[in-house]
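Have a look at the structure below before the remarks.
All of the numbers you see were taken from the coordinates with simple rules; none came from a lab. Since the model is a prediction, treat every value here as computed from it, not as a measurement. Counting neighbours? That spans all protein chains shown, and the Cβs are built from the backbone with ideal geometry, glycine included.
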Amino acid sequence: MDETDRTILRMLKEDARVSLAHISREVGLSSPSIKDRIEKMEAEGVILGYRPVLDYGKLGLGLTGFVGVNLDPQRCCDEDIVRDLRAVEGVVEGWFTDGDEDMMLMVRAADPASLMDTVNMIRSIPGVYRTRTVITLANPIVRA
């Protein structure tokens, strides 16, 4: 991974649809060379995929919450719990964590009532014994 690769990654993070020709002009390499570098980073797992950046407010999901989840120690990190959490509508991302909670989930909802419904669905999963929810006010820092 050299500085050229980092520049390519920066440009892809800013706009995953940027043309090879534009990247080529920026870094001073041919488009086929840029394509080869991108394919190599994909093959090595540096680039895992390309996703649209969504405006959840325009999708009717303008409320974001983070739900800290405490799990039964006998079931912590159990694939069944992960499968059940994935199935909860509104849960968009999740991480195993160290600290006060065992997991942290990002949840998108239309309003506080639907967020509460989502949290109640999370709480109903066997092995989940406590949750703590934080509602976000703004998202001033966004990086790909």
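Shown for Arg37, Arg6: other C-beta atoms within 10 Å of each C-beta, ranked fewest to most, produce the order Arg6, Arg37. For a straight C-alpha distance cut-off of 12 angstrom, the aspartates and glutamates reachable from Lys40 (same-chain residues fewer than eight places away being disregarded) are Asp5.
The phi torsions of the range 46-57, fed into the Karplus equation with coefficients 6.51, -1.76 and 1.60 and a -60° offset, translate into couplings of 6, 9, 8, x, 10, 10, x, 8, 9, 9, 5, x Hz, rounded to whole numbers, with Gly and Pro shown as x. Using a ≥ b ≥ c from the Cα gyration tensor of the range 24-92 (square roots of the eigenvalues), is it rounded, prolate or oblate, where a/c under 1.5 gives rounded and otherwise the larger of a/b and b/c decides, a/b for prolate? Oblate, since a/c reaches 1.5 and b/c is not below a/b. Spread over its residues, the convex hull of the C-alpha atoms of the range 63-135 is 72 Å³ per residue. The orientation-averaged projected area of the convex hull spanned by the Cα atoms of the range 3-43 comes to 2.5 nm².
First select every other residue whose beta carbon is under 11 angstrom from the beta carbon of Ser30; then total the charges, Lys and Arg +1, Asp and Glu -1. So the environment of Ser30 carries a net charge of +2. Rg/Rh, computed from the Cα trace of the chain with Rh as the Kirkwood radius, has the value 1.10.
Please identify every one of the GluC sites (Glu not before Pro) in the range 1-45 that sits in a loop by DSSP and has no more than 13 other beta carbons within 10 Å of its own beta carbon. The qualifying sites are Glu44. With K and R counted +1 and D and E -1, the other residues having a Cβ less than 15 Å from that of Tyr56 yield a net charge of -1. When Thr136, Thr64 are sorted by how many other C-beta atoms sit within 10 angstrom of their C-beta, beginning with the fewest, the order is Thr136, Thr64.
Would you mind counting up the charge near Asn70? Only other residues with Cβ under 14 Å from its Cβ, with Lys and Arg at +1 and Asp and Glu at -1. Cβ neighbours under 14 Å give a net charge of -2. A simple spin-label model places pseudo-atoms 7 Å from Cα toward Cβ; at Leu48 and Ala87 they are separated by 2.4 nm. Only helices enter this figure: runs of n ≥ 4 DSSP H residues, each worth -39500 (n - 2.57), summed and divided by the residues of the chain, yield -11000 deg cm²/dmol at 222 nm to the nearest 500.
Once you have the Cα-Cα distance between Asp80 and Arg25, take 0.36 nm times their residue separation minus that, and quote the gain in nm to one decimal. Display every interim value, and only then the final one.
Working: separation 55, 0.36 × 55 = 19.80 nm, distance 4.87 nm.
Taking 0.36 nm per residue and subtracting the Cα distance, the gain is 14.9 nm.
In this calculation the C-beta distance from Arg143 to Glu39 is compared with R0 = 30 Å, giving a FRET efficiency of 0.80.
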